Amino acid sequence: MSRIGKAPITLPKGVEVNVSKGNLVTVKGPKGELSQQIDPDLGINIEDGELVVTRPTDQKRHRSVHGLSRSLLNNIIVGVSKGYVRELELVGVGYRAANTGQLLELTIGYSHPVFFMLPAEVKVETKMEKGKPPVVRLESNDKQLIGLVASKIRAFRKPEPYKGKGIKYVGEIIRRKEGKSAGK
């Protein structure tokens, strides 16, 4: 039995779960509304403020989607109740970040600024403090979408291992390499 799959999901106050025909799960909460299509073979039961995902058999296909489905539903429930935040740090001399609404402008060492239009579901905020690298803060209720957007922004200038310059997640540890050593 899947340890993740059999764990019940506790529903916070203010979160409403609706399971329609074909296992389309719609979750409403204070931060918005999200829906996820779950495998039609799996059973979704709501009892005593807990959501439980059950599988009909021990077939390989049912075992493989059991834990995944439970994790997806948990991410949606956490998203509509608390939301998700991702912060990116721009490390490098002259690196800057600014936003105008949903348009993010990055100056990251190229001959031109990089513009990135964010989806409407993701809120963006840029912070530039003296003595600290610029920070891009992303907020959303959809964990998959915020992860995708953060990885696309990071891909513009990945952190390099020699000086550590580039766009990295706040708290990410970059494995550093030693430079050339002077030969005899």
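The values are calculated or read from the model by the stated rules, or taken from the named source; none is laboratory data. If you're wondering where the values come from, they're calculated on a predicted model, not measured in any experiment. Here Cβ is always computed from backbone atoms with ideal geometry, including for glycine, and neighbour counts include all displayed protein chains. Accessible surface areas use protein heavy atoms only, side chains included; no ligands, DNA or RNA. Shrake-Rupley method; radii C 1.70, N 1.55, O 1.52, S 1.80 Å.
From Val53, Val78, Val15, Val93, which residue is of a type in the set (A, V, I, L, M), within 22 Å of Tyr169 (Cα to Cα) and in contact with a helix residue (DSSP H, G or I) (Cβ under 8 Å, 6 or more places away or on another chain)?
Exactly one of Val53, Val78, Val15, Val93 is of a type in the set (A, V, I, L, M), within 22 Å of Tyr169 (Cα to Cα) and in contact with a helix residue (DSSP H, G or I) (Cβ under 8 Å, 6 or more places away or on another chain), namely Val78.
Scan segment 99-137 for residues that are open to solvent by 30 Å² or more (accessible area, probe 1.4 Å), aliphatic (A, V, I, L, M), closer than 16 Å to Lys168 by Cα and at pLDDT 95 or above and jot them down.
Here is the first cut: in segment 99-137, the ones open to solvent by 30 Å² or more (accessible area, probe 1.4 Å) are 99-103, 105, 107, 109-113, 115-117, 119-121, 123, 125-133, 137.
Then drop every residue that is not aliphatic (A, V, I, L, M), which leaves 103, 117, 120, 128.
Still in the list and also closer than 16 Å to Lys168 by Cα: 128.
Matches in segment 99-137: none.
Specify the residue that is surrounded by the most Cβ atoms within 10 Å (Cβ to Cβ); the eligible residues are those in segment 50-60 that are under 14 Å from Ala7 (Cα atoms) and of a type outside the set (Val, Ile, Thr).
Selected residue: Arg55.
Take the conditions in a helix (DSSP H, G or I), open to solvent by 60 Å² or more (accessible area, probe 1.4 Å) and under 26 Å from Tyr84 (Cα atoms) and apply them to Leu68. Does it pass? Break it down into steps so the answer makes sense when it comes.
On the way: in a helix (DSSP H, G or I): yes; open to solvent by 60 Å² or more (accessible area, probe 1.4 Å): yes; under 26 Å from Tyr84 (Cα atoms): yes.
In short, yes.
How many residues are open to solvent by less than 50 Å² (accessible area, probe 1.4 Å) and over 24 Å from the mean Cα position of the chain (by Cα) if we restrict to segment 24-49? Reasoning before the result, please.
Restricting attention to segment 24-49, the residues satisfying the condition of being open to solvent by less than 50 Å² (accessible area, probe 1.4 Å) are 25-27, 29, 32, 34, 36, 38-39, 42-44, 49.
Right, trim to over 24 Å from the mean Cα position of the chain (by Cα) and you get 42-44, 49.
Counting residues in segment 24-49 that are open to solvent by less than 50 Å² (accessible area, probe 1.4 Å) and over 24 Å from the mean Cα position of the chain (by Cα) gives 4.
When both residues are 6+ apart or on different chains and their Cβ atoms are under 6 Å apart, which pairs have a first residue that lies in segment 88-100 and is closer than 14 Å to Glu129 by Cβ and among the acidic types (Asp, Glu), and a second that is open to solvent by less than 50 Å² (accessible area, probe 1.4 Å) and part of a strand (DSSP E or B)?
From segment 88-100, the pairs are Glu89/Val135; Glu89/Lys168.
Can you work out which of the residues in segment 2-23 that are touching a residue at least 40 places away in the same chain (Cβ under 8 Å) and assigned to a strand (DSSP E or B) is least open to solvent (accessible area, probe 1.4 Å)?
Ile9
Right, Glu33: touching a strand residue (DSSP E or B) at 6+ places or on another chain (Cβ under 6 Å) and modelled with pLDDT of 90 or more or not? Walk me through it before giving the result.
Values: touching a strand residue (DSSP E or B) at 6+ places or on another chain (Cβ under 6 Å): no; modelled with pLDDT of 90 or more: yes.
It is false that Glu33 is touching a strand residue (DSSP E or B) at 6+ places or on another chain (Cβ under 6 Å) and modelled with pLDDT of 90 or more.
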